[in-house]
Amino acid sequence: MPRKGENKERKDAKRELLISVAVKVFARKGFHASKMQDIADEAGIGKGTIYEYFKTKDELFLAVYDKWMDDYEAAMNKAVESHSNPITTADAIIDTAIEFYETHAEHAAILLEFWAHALRSDDTHFLERICQMKSKLAEIGSSITKKLIKLKAFTEVDVESFARLELGISDGIFLQWILDGKSYPLRDAYKFRQSVIGAGLMTTGFRKVMSVKTNKRLKEGFIKKKKK
């Protein structure tokens, strides 16, 4: 007879499977066009089995986003904990964001649908989940910015305003990359953004130290130029 722990492990594994299958169906058909039966067919199970884990399609959709955001938050926390220097921490945070967006490049439509659904839905859990994640990222960004100011690498700036602006820029770069057909390396776009922002916020002394690297990035940009 299976032990209680084994049953939980099986249920957790089945739940993860349903989430991964749902991602495939949502990506292919879109959230609103997808039906629970479509997900059941993709998973090779009866539709009733899905309802043992998720009461509604909305609940399953939220579980997909939860999974992605939990993984992203864990990666962000690891990046912060692995570095004591705010400069290398900032680089690690950017690398983590790039890795997340590159991993989910094929799921861009799902992310956009989730944001749109959060604004339309009467279920406040969707918008609350987005705000929760954004607040966590803003907290990390504010903390790093304060340390950069203390280190005299950055000039004085309202850290909360800057952190929120950074969140919008980060999402915007990803969306523009998708709209541009992923025609340039996402990492190059992020590094260019880092140089643009850094050039404006760096103190005179730190700007001199970073001038060669920063000026090179600003001059080269990240879009491949067509040969004349």
Do we have ILE130 as of a type in the set (Val, Ile, Thr), under 23 Å from ASN77 (Cβ atoms) and modelled with pLDDT of 95 or more here?
no
Inter-residue pairs, beta-carbon under 6 Å, first without any contact (Cβ under 8 Å) to a residue 40 or more places away in the chain and in region 84-97, second assigned to a helix (DSSP H, G or I) and not hydroxyl-bearing (Ser, Thr, Tyr), 6+ apart:
ALA92/ALA79; THR96/ALA75; THR96/MET76; THR96/ALA79
What do you reckon, is THR203 polar (S, T, N, Q), assigned by TED's automatic domain parsing to the domain that holds MET69 and within 23 Å of TYR101 (Cβ to Cβ)?
no
Identify the residue in region 28-42 that is touching a helix residue (DSSP H, G or I) at 6+ places or on another chain (Cβ under 6 Å) and not in a loop (DSSP other than H, G, I, E, B) and, among all such residues, is surrounded by the most Cβ atoms within 10 Å (Cβ to Cβ).
ILE39
Within region 152-193, how many residues turn out to be loosely packed, with under 15 Cβ neighbours inside 10 Å and farther than 27 Å from GLU220 by Cβ?
5
Which condition from (1) part of a helix (DSSP H, G or I); (2) touching a Lys or Arg at 6+ places or on another chain (Cβ under 6 Å) is the one that TYR53 breaks?
(1)
Of the conditions (1) out of contact with any Gly (no Cβ under 6 Å at 6 or more places or on another chain); (2) closer than 19 Å to TRP177 by Cα; (3) buried (at least 18 other Cβ atoms within 10 Å of the Cβ), THR103 fails just one. Which one is it?
(3)
Odd one out for LYS228, checked against (1) modelled with pLDDT of 90 or more; (2) not hydrophobic (A, V, I, L, M, F, W, C); (3) not assigned by TED's automatic domain parsing to the domain that holds TYR101
(1)
Condition test on ILE45, is it surrounded by 14 or more Cβ atoms within 10 Å (Cβ to Cβ) and under 27 Å from PHE154 (Cα atoms)?
no
Based on what the data block shows, is LEU62 under 22 Å from the mean Cα position of the chain (by Cα), surrounded by 17 or more Cβ atoms within 10 Å (Cβ to Cβ), outside the structural domain of ALA153 (by TED's automatic domain parsing) and assigned to a helix (DSSP H, G or I)?
no
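The values are calculated or read from the model by the stated rules, or taken from the named source; none is laboratory data. None of these values were measured; they are calculated from a predicted model. Don't worry about glycine lacking a Cβ; one is built from the backbone with ideal geometry, like all the others, and counts go over all protein chains shown.
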